[in-house]
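Each remark here refers to the structure printed beneath this line.
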Amino acid sequence: MTAVAIIGGSGFTKLKMLEVIRREVVHTPYGEPSAPLTHGLLDGKEVTFLPRHGSGHIIPPHKVNYRANLWALKHAGIEHVIGVAAVGGIRKDMAPGLIAVPDQIIDYTYGRQHTLFEDDLQKVTHIDFTNPYSDKLRQALLNAAKMSGVNAIDGGTYGATQGPRLETAMEVTRLQRDGCDLVGMTGMPEASLAREFEMEYASCSVIANWAAGINDGPITMKEIEASLVDGLEKVRKLLVSLTKIID
Ligand code: HPA
């Protein structure tokens, strides 16, 4: 396994332990990526980092240029992408502060530039998306979690919502009925575009809060930020172990 990129989500605009080699500004046919690519070494292994919401965390989920981000990574030679993302927990065991590696997606987003296959086509293309995440990369993440003593939940369905607002309690009830275990705003079209670009992609979901209505009371940014500090510390440990698995 070679050439890995980490797309950082909320609270994860920098990969602290990355020994930076160079930053690369990339212009793509789809416009500008969220930030320059940061190429560096993580525990001696080459890793590229891209903050999904921009270096200053200013791009909301529905405005992220997912196509440009993945184009930039593809053209930097990246074959494996880990999307780190904050999510809300729906299933009972998906508690704030924990990490999950989902295996399915339901897409509720709309109005996003979500495909490469729409203009100047020689033929209509339908990618297979039965299993939306790379199993190889999911297993690598789960093994890395074990190696680093981090408890990561194996599997679950990620419900991708539009945002930037959080959901209503009844929307979460519907997600639950649909079979969603987690809810986040950035999982799509990132995962399907990675598949269109023929890159291996997996999500490292950091549970930041109970989804709306699962617990009493409103969801506060303070609660989300506190859980993210804990969760992201685990992600950092896990990513260092991941570099040991990747050869
Ligand atoms: N819903 C959607 N996205 C999120 C949440 C949530 O509860 N928490 C963090 N990202």
Q.
Quick check on my filter: what residues within the range 194-219 are part of a strand (DSSP E or B) and more than 15 Å from the ligand (Cβ to nearest atom)?
A. Glu200, Tyr201, Ala202
Q: Go through Ile90, Ile99 for me and flag whichever is under 14 Å from the mean Cα position of the chain (by Cα) and either within 15 Å of the ligand (Cβ to nearest atom) or among the acidic types (Asp, Glu) (or both).
A: Ile99
Q) Here are Gly231, Gly156: which of them is under 16 Å from Ile105 (Cα atoms) and touching a strand residue (DSSP E or B) at 6+ places or on another chain (Cβ under 9 Å)? A) Gly156
Q.
Being in contact with a Ser or Thr (Cβ under 8 Å, 6 or more places away or on another chain), at pLDDT 95 or above, in a strand (DSSP E or B) and closer than 20 Å to Gly184 by Cα narrows it down to one residue among Ile6, Ile59; which is it?
A. Ile6
Q) Which condition number in (1) more than 27 Å from His75 (Cα to Cα); (2) at pLDDT 95 or above is the one that Thr186 fails? A) (1)
Q: State yes or no: is Phe12 aromatic (Phe, Trp, Tyr) and within 16 Å of the ligand (Cβ to nearest atom)?
A: yes
Q | Whichever residue in the range 220-245 is touching an Asp or Glu at 6+ places or on another chain (Cβ under 9 Å) and at pLDDT below 90 and, among such residues, is nearest to Lys16 (Cα to Cα) | A | Thr243
Q) Hey, Ile59 hits all of (1) within 16 Å of the ligand (Cβ to nearest atom); (2) under 19 Å from Gly231 (Cβ atoms) but one; which does it fall short on? A) (2)
Q. How many residues does the range 128-169 contain that are within 14 Å of the ligand (Cβ to nearest atom) and farther than 11 Å from Asp103 by Cβ?
A. 11
Q) Any idea which of (1) away from the ligand (no atom under 16 Å from the Cβ); (2) surrounded by 16 or more Cβ atoms within 10 Å (Cβ to Cβ) is the one Met185 doesn't satisfy? A) (1)
Q) Listed residues Ser227, Ser192, Ser205; which is touching a residue at least 40 places away in the same chain (Cβ under 8 Å) and more than 22 Å from Leu98 (Cα to Cα)? A) Ser192
Q | Whichever residue in the range 7-26 is over 30 Å from Lys222 (Cα atoms) and among the basic types (Lys, Arg) and, among such residues, is nearest to the chain's Cα centre (by Cα) | A | Arg23
Q: Go through the range 220-236 and give me each residue that's of a type in the set (Asp, Glu) and either within 10 Å of the ligand (Cβ to nearest atom) or in contact with a Lys or Arg (Cβ under 6 Å, 6 or more places away or on another chain) (or both).
A: Glu223
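The values are calculated or read from the model by the stated rules, or taken from the named source; none is laboratory data. Owing to the predicted nature of the structure, the values given are computational and were not obtained by experimental measurement. Using ideal geometry, Cβ is built from the backbone for each residue, glycine included, and neighbour counts are taken over all protein chains shown.
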